[in-house]
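J.: Please find one structure pasted underneath; my questions will follow.
The values are calculated or read from the model by the stated rules, or taken from the named source; none is laboratory data. Owing to the predicted nature of the structure, the values given are computational and were not obtained by experimental measurement. All Cβ positions, even for glycine, are placed from backbone atoms using ideal geometry, and neighbour counts span all protein chains on display. Side chains are part of the model used for accessible areas, which takes the heavy atoms of the whole protein and leaves out ligands, DNA and RNA. Shrake-Rupley method; radii C 1.70, N 1.55, O 1.52, S 1.80 Å.
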Amino acid sequence: MKLLLLLLLAFVVAAEPGVEEPYLFTDELARLSLPELSGEIACSVRLITAGGIGETQARLLTVTDGIGVLAPLGEGIHIVTLPDGKELRSLAMTPPPPLDARVLCHALPRHGQRLLDGEAVRFLAMGDSVTATGDYEKILRRMLARASGNERIEMSERAYSGRSVDASVRNFTSDLAAAQPHVAMIMYGLNDQGAGASLAGYLEQMQWLAERLREAGVDPLFLLPTPDISRAKDETDYTPYIFRTVGYGAHLRELGAKLGLPVVDSFNAIWGQGGADLQETGRSMQPFFPPHYRRPFSSMLETEGRGDGIHPNVLGHLMIARALYAAIATPAPTPAEPPPRLRAVSRWTPGGMRTQITATMLVDGRVELYPLPGFELSGNEALTPAEPSRSLAWPQLLKADDLLKWPADLYLAPFAPMLIAIHYRENGSRLQTVVAPFPEGGGFLRGRQVVAPGDKVLVEREDGTTLGVALPLDAEVGRIPLLEQLGPESWAAAEVAFVRFGAVDRGEATVDGALDEWSMEHAFPVGEPVQARWTRGRDDHRVSPSECYLKVAMRAGEKGLYVAIRGTGQLRRDLFTFYFDPRAPELLGTPGGYYWLGGSFLDDGRLKLGPGETARKVEGLAGAWRETAGGLELEIFVPYMLFAQERWPIGGDLGFSLDWRHRGADGTPDTHLQWAEDGHPWSSLWYGVLRLMEDLATRPFRVRIK
């Protein structure tokens, strides 16, 4: 009976009309599978292009043996409507320009010649939901096969919707083993920026991926994150969204140049011709986005501009694939009209930070200036041929220590100030970024150190000199601001973030929620005001620390790690996540794989514990809790196998992070308490260190200059 049902289902599926090849060139015939039709069939065809939706045209299809053929109307999304109202959709594209062998072999030094020789070449697309919901790599395959004559080009993807670049970092080994690529295309940034991931951390992880791929014999390349035309609540203002990833993309372009990698300008590929102002520019991109990401062969033009403004449709992915093909297969074009040349410098004045920007070669139109997300600018009237210079003020940066606040700590303290400049002309707009450095260079170098208790941390300056900063003997965790005047108009800013190693004793425990058998003498705190952090830095919504304050102790047993937590306050609605990095001590705090375990409270003293995507499902995972007079106590046993170990790491250290999400009462926003973190826990860069120690009183500091 089951076999009959399967056969009937297969027949029904096979009987559905469809397009044999949804991506074809404009000089090819679309082959439509029409199993229930024959003879001449009347249909209608519409074409969606970057310029809009074309007029409906009547066509006759001659169907023979269930196949009808149709010549494309031109480049764009074709909508073929059958007599019964069903629609068949496909994408037609202009054939690619000739492939330049020298450009290809320069862009893909290991495997470009392999592609030219007709050998099998495997491409891997790595990224977030933009990659997961689209097919730029499949379109690129058709282009490369057409231009080279090599039909042995294979495409695969490893994409993680909703994730940042750390998803590809932590899954790197398994992804590489499964795909075995010759070429890897990496596109991240939308979620990294949206989740408040550190820009410096984003670049460090992108570099890690590129370097590990090269070590594996792969040719890597970067793709810039694409625009976001999700609209504000009034559905008219694109400003908060449209270029939110530009800062990440500009620095990624610099990283690609440093590493000698191709960088694909997928941002401007989607931006296209732009418009006369920012709102018109946003509307001009509507053809490249769908009503919903599950409808990639549709366009927002069909829903009057409503839909998914984050995930490009097939027309948008065609633009990405075309930019990718141009970056690796054709010489860089010479612009017919070079953009205006913009130069800027920033200075500290008694009234705060100001930036002077001047345009040359601005012969027509206007240049409007915008800050990166989170910043404000005043005095930013457009640059014009008549007034090509402006002095801009930064209202949030009135004194040097404002550099240590969000968003300056993300975009400005580690980097030179940056502006977004859009040149508007009659025929559209073009975006570029402008770096506005301070007159005196220099500053503090970012990095990580392990420092013995009571010693000074040595902070290195860019000129090679060092600054000694004493760490407080009685502190477990803290931050020390670094501000140094480099000249009359320049300041350098950084922060010394430190946390003591968590002491781990040897021994076993009974997981019953009662901590009578535990000595909490060497427990570490999670609840200090400096530990209340989220994506915008310090973010504490507690009435006082006692509303939620934890002391955490650890034991290394024979089969796993025991965790004991004593907390004050009403915590039953709270959530928590443990993160584990079992790599060698010298790798802790650098990009790499990690594992996590999430937990919440159930009734009757039980805990709900769930391993993360890379963690192993293991037997023996256990947890219990009980209420106390002032809060609660809990115990958890985590088998080492959950983070791919058979015993406590041989090196004696375990990278660890704890993110405790406290649910405030009466609609109060949640407070994230993080032991050693910096607001974005989905990365191993800022984990603390647990150390198996005989002398539990002697614990060094883990220090980070950020």
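J.: For the chain, take the longest principal axis of its alpha carbons; what is the angle in degrees between that and the long axis of helix 199-215, to the nearest 10 within 0 to 90?
T.: It is inclined by approximately 70 degrees.
J.: Can you give the net charge of the other residues whose Cβ lies under 12 Å from the Cβ of Arg322, counting K and R as +1 and D and E as -1?
T.: So the environment of Arg322 carries a net charge of -1.
J.: Among Lys551, Lys405, Lys617, what's the order by accessible area (1.4 angstrom probe), most exposed first?
T.: Lys617, Lys405, Lys551
J.: What does the charge count near Trp625 come to, summing +1 for each Lys or Arg and -1 for each Asp or Glu among other residues with Cβ under 12 Å from its Cβ?
T.: -2
J.: Moving on. List the residues whose amide H sits under 5 Å from the amide H of Asp678, counting only those 5 or more places along or on another chain, with H placed 1.01 Å from N in the peptide plane.
T.: none
J.: If I ignore ligands, DNA and RNA and count only protein heavy atoms, how much of Ile270 is accessible to a 1.4 Å probe, in Å² to the nearest 10?
T.: Counting only protein heavy atoms, the figure is 0 Å².
J.: Given a Förster distance of 56 angstrom, what is the FRET efficiency for Glu694 paired with Leu398, based on the Cβ-Cβ distance and rounded to 0.05?
T.: The computed FRET efficiency comes out at 0.65.
J.: Here's something else I'd like to know. Return a whole-number percent for the relative contact order of the range 508-655, with Cα pairs under 8 Å and 6 or more residues apart as the contact set.
T.: Relative contact order comes out at 27 percent.
J.: Rounded to the nearest 10 degrees, what's the angle between the helix 2-15 long axis and the longest principal axis of the chain, both from Cα atoms, 0 to 90?
T.: Once rounded, the angle reads 50 degrees.
J.: Quick one: with all protein chains in place, what share of the accessible area of the chain is carbon or sulfur, to the nearest percent (1.4 Å probe)?
T.: 51
J.: Would you work out which of Thr349, Ser168, Thr466 lies farthest towards the positive end of the dipole of the chain, given +1 charges on the beta-carbon of Lys and Arg and -1 on that of Asp and Glu, about the Cα centre?
T.: Farthest towards the positive end: Thr466.
J.: Can you compute the FRET efficiency between Ala382 and Ala416 using 1/(1 + (r/R0)^6), with r the Cβ-Cβ distance and R0 = 22 Å? Round to the nearest 0.05.
T.: Taking R0 as 22 Å, the efficiency between Ala382 and Ala416 is 0.45.
J.: FRET efficiency for Asn427 and Val618, Cβ-Cβ distance as r, R0 = 60 Å, nearest 0.05?
T.: For Asn427 and Val618, the calculated efficiency is 0.45.
J.: Further question: Give me the distance in nm between label points sitting 7 Å out from Cα along the Cα-to-Cβ direction at Ile650 and Thr628, one decimal.
T.: Taking the simple label geometry, Ile650 and Thr628 are separated by 3.9 nm.
J.: Considering the options Ser684, Gly620, Gly652, tell which one lies farthest towards the positive end of the dipole of the range 591-695, charges being +1 on Lys and Arg and -1 on Asp and Glu at the Cβ, about the Cα centre.
T.: Value computed over the given set: Gly620.
J.: Using 7 Å Cα-to-Cβ label points, what is the Thr330/Ser230 separation (nm, one decimal)?
T.: Rounded to a tenth, the inter-label distance reads 3.3 nm.
J.: Then there is this: What aspartates and glutamates could a cross-link reach from Lys617, if we take a straight Cα to Cα line under 16 Å and drop same-chain neighbours fewer than 8 places away?
T.: Once the sequence-local aspartates and glutamates are set aside, what remains near Lys617 is Glu646.
J.: Report the accessible area of Ser389, computed with a 1.4 Å probe over the heavy atoms of all protein chains in place, in Å² rounded to the nearest 10.
T.: Roughly 50 Å² of Ser389 is accessible to a 1.4 Å probe.
J.: Local charge sum around Ile636 (other residues, Cβ-Cβ under 12 Å, Lys/Arg +1, Asp/Glu -1)?
T.: Computed value for this residue: 0.
J.: Now a separate question. Of Pro439, Ile41, Ser198, which is farthest along the charge dipole of the chain in the positive direction, counting Lys and Arg as +1 and Asp and Glu as -1 at C-beta?
T.: Farthest towards the positive end: Pro439.
J.: Compute, for the chain, the length of the dipole vector about the Cα centre, with Cβ point charges of +1 (Lys, Arg) and -1 (Asp, Glu) only. Units Debye, rounded to 20.
T.: My answer is approximately 560 debye.
J.: Determine ³J(HN,Hα), in whole Hz, for all residues of the range 397-404 in sequence, where each value follows from phi through the Karplus function 6.51 cos²θ - 1.76 cosθ + 1.60 and θ = phi - 60°; x replaces Gly and Pro.
T.: Residue by residue, the range 397-404 yields 10, 8, 9, 4, 6, 5, 5, 8 Hz.
J.: Tell me the relative contact order for the chain as a rounded percent, counting alpha carbon contacts under 8 Å between residues six or more apart.
T.: 9
J.: So how much accessible area does Tyr411 have, in Å² to the nearest 10, using a 1.4 Å probe?
T.: Tyr411 has an accessible surface of roughly 10 Å² with all protein chains in place.
J.: For the chain, what is the accessible area per residue in Å² when the probe is 1.4 Å?
T.: With the other protein chains kept in place, the chain gives 43 Å² per residue.
J.: What is the antiparallel percent of DSSP beta bridges lying wholly in the range 40-194, to the nearest 5?
T.: In the range 40-194, approximately 65 percent of DSSP beta bridges are antiparallel ones.
J.: On to the next question. Simple spin-label model, 7 Å along Cα-to-Cβ: Ser600 to Lys258 in nm?
T.: Placing both labels 7 Å along Cα→Cβ, they lie 4.0 nm apart.
J.: Convert each backbone phi in the range 113-126 into a coupling constant with the Karplus relation 6.51 cos²θ - 1.76 cosθ + 1.60 (shift: θ = phi - 60°), then list the ³J(HN,Hα) values in order as whole Hz, x for Gly and Pro.
T.: So the J values, rounded to whole Hz, are 5, 4, 5, 5, 7, x, 7, 5, 10, 9, 9, 10, 9, 10.
J.: Between Glu521 and Thr94, what is 0.36 nm times their sequence separation minus the Cα-Cα distance? Round to one decimal in nm.
T.: Taking Glu521 through Thr94 to full extension adds about 146.6 nm, to one decimal.
J.: Stretched out fully, how many nm does the piece from Glu211 to Glu154 gain, at 0.36 nm a residue minus the Cα gap?
T.: Gain on stretching Glu211 to Glu154: 18.3 nm.
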